[in-house]
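For reference, the structure is listed below as structure tokens.
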Amino acid sequence: MTQFDDAYDNSGHIEGAEDFPPTWKRAAAAFRSELGARAQTDVSYGPSDRQAFDFFQPEGVSRGTVIFVHGGYWKALDRSYWSHLAAGPLARGWAVAMPSYDLCPDVRISDITGQIAAAVTEISGRTFGPISLAGHSAGGHLVCRMMDPLVLSVEVRDRIENVVPISALANLAPLMQTSMNDILRIDTSEAQAESPVNMSPPHGVNVTVWVGADERPAFLEQSEQLARAWGARQSVVEGKHHFDVIDALADPESDMVRALLGG
């Protein structure tokens with residue numbers, strides 16, 4: 001393992017890391033079951049099987065829509081692990097959509113950016129009111145990329161009011177030095193084009209960069225770089241690591257949900 005592999009190895013530095021994915025999966029399945037008819041699953045937004053999203057309705061008329069994009073280094077996991085994280089926004093009267101996307105090496109990261117743009121566009125066409133974006137790890141990268149003026153139409157982009165990148169990968173260049181790049185295939189031009197730290201800071205949207213204080217130093221550095229490049233607020237949460245920092249999404253009274261919904 002190289003020093004860059006270790007720097008981005010979350011599982012190797014979190015006690016009981018192997019228990020998190022199955023725990024997430026069980027909680028997500030139970031949440032979908034409890035929602036019943038308010039959970040609409042496997043809504044297609046593109047030609048492949050993974051280009052689909054789940055959509056969760058609040059009770060009554062929604063105040064807006066949260067779109068959550070999952071992580072997994074663009075090469076693992078899918079939307080079915082995270083449904084329970086919709087609990088916070090749902091309790092505040094917001095609908096929540098969670099897309100999956102095709103994974104590397106079948107596609108490039110730039111392709112995934114395009115897929116999430118297609119998902120956001122499809123979701124926007126089915127909803128009314130403001131849109132908030134949240135994404136974890138690689139998903140944090142993807143929601144940041146939605147702020148590129150060339151990625152979404154003006155009509156869709158103008159509805160996005162709040163963006164919360166959580167433990168986001170904002171500078172892709174270091175990942176070129178990891179063994180993961182055998183799968184990710186990031187080259188210099190893609191690292192430049194796809195890194196949010198190289199983007200112009202977005203205007204007219206509230207961005208709060210979130211990270212756990214107990215995360216790997218590389219992720220703390222990535223979040224600091226993003227907050228500095230974008231002039232965004234940053235929240236470093238004491239006692240949280242890469243796998244439990246997202247738990248706050250399930251709590252309607254959490255600071256994270258408040259930031260995501262605009263207060």
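The values are calculated or read from the model by the stated rules, or taken from the named source; none is laboratory data. All figures in this text were calculated on a predicted structure; none of them were measured in a lab. Positions of Cβ are generated from backbone atoms using ideal geometry, with glycine treated the same way; all protein chains shown enter the neighbour counts. Accessible surface is based on the protein model in full, side chains and every heavy atom, while ligands, DNA and RNA are left aside. Shrake-Rupley method; radii C 1.70, N 1.55, O 1.52, S 1.80 Å.
For the stretch 103-211, what relative contact order do you get, as a whole percent, if you take Cα pairs closer than 8 Å and at least 6 residues apart?
Relative CO of the stretch 103-211 lands at 31 percent.
On average over all directions, what projected area in square nanometres does the stretch 139-236 have, based on the convex hull of its Cα atoms?
Across all orientations, the stretch 139-236 yields a mean hull projection of 6.3 nm².
Starting from one equal scatterer on each C-alpha and no solvent at all, send me the Debye-based log10 I(q)/I(0) for the stretch 126-166 at q = 0.25, 0.27, 0.28, 0.33 Å⁻¹, two decimals.
Values, matching the q order: -0.85, -0.94, -0.98, -1.12.
With a sphere of radius 12 Å drawn around the Cβ of Glu215, what net charge do the other residues whose Cβ falls strictly inside it have (Lys, Arg +1; Asp, Glu -1)?
-4
Taking springs between alpha-carbon atoms closer than 10 angstrom, which of Val209, Val156, Val66 fluctuates most in the Gaussian network model of the chain?
Greatest mean-square fluctuation among the candidates belongs to Val156.
Mind checking the per residue accessible area of the stretch 20-86 for me, 1.4 Å probe, whole number of Å²?
Roughly 45 Å² per residue, with all protein chains present.
Between beta-carbons, use under 14 Å as the cut-off and find the net charge around Gln57, counting Lys and Arg +1, Asp and Glu -1.
+2
Nearest 20 debye, what's the magnitude of the dipole of the chain about its Cα centre given +1 on Lys and Arg Cβ and -1 on Asp and Glu Cβ?
The calculated dipole for the chain is roughly 780 debye.
Name the shape class, rounded, prolate or oblate, that the alpha-carbon gyration tensor gives for the stretch 56-96, where a ≥ b ≥ c are the square roots of its eigenvalues, rounded holds for a/c under 1.5, and otherwise prolate holds if a/b is larger than b/c and oblate otherwise.
prolate
Hey, what did the stretch 181-263 get for relative contact order, percent, Cα under 8 Å, at least 6 apart?
For the stretch 181-263, the relative contact order is 27 percent.
For the stretch 165-263, with only Lys/Arg (+1) and Asp/Glu (-1) charged at the beta-carbon, what is the dipole magnitude about the Cα centre, in debye rounded to 20?
The dipole of the stretch 165-263 has a size of about 300 debye.
Rg to Rh for the stretch 26-70: what is it, with Cα atoms only and Rh by Kirkwood?
A ratio of 0.98.
With Cβ to Cβ distances under 15 Å as the rule, what net charge do the other residues near Ser254 carry (K, R +1; D, E -1)?
-3
In a GNM of the chain with a 10 Å cut-off on Cα contacts, which of Val237, Val154, Val120 has the highest mean-square fluctuation?
Evaluated over the chain, the most mobile residue of the options is Val154.
Let me spell out the model: positive unit charges on the Cβ of Lys and Arg, negative unit charges on the Cβ of Asp and Glu, origin at the Cα centre of the stretch 1-94. What dipole size does that give, in debye rounded to 20?
Once rounded to the nearest 20, the dipole reads 540 debye.
Pick from Pro149, Pro99, Pro196: which is most flexible by mean-square fluctuation in a GNM of the chain where alpha carbon atoms under 10 Å apart are linked?
Judging by the Gaussian network model, the answer is Pro149.
Can you give the log10 of the normalised intensity I(q)/I(0) at q = 0.13, 0.14 Å⁻¹, computed with Debye over equal Cα scatterers of the stretch 29-170?
So the normalised log intensities are -0.49, -0.57.
Please state the relative contact order of the stretch 19-127 as a whole percent: Cα pairs under 8 Å, 6+ residues apart?
It comes to 31 percent, rounded to a whole number.
For Ala168, list long-range residues whose amide hydrogen, built 1.01 Å from N in the peptide plane, is under 5 Å from its own amide hydrogen.
Excluding prolines and chain starts, which carry no amide H, the hits are Ser137, Trp210.
Out of every Cα-Cα pair in the chain, what percent are more than 32 Å apart?
Roughly 14 percent, once rounded to a whole number.
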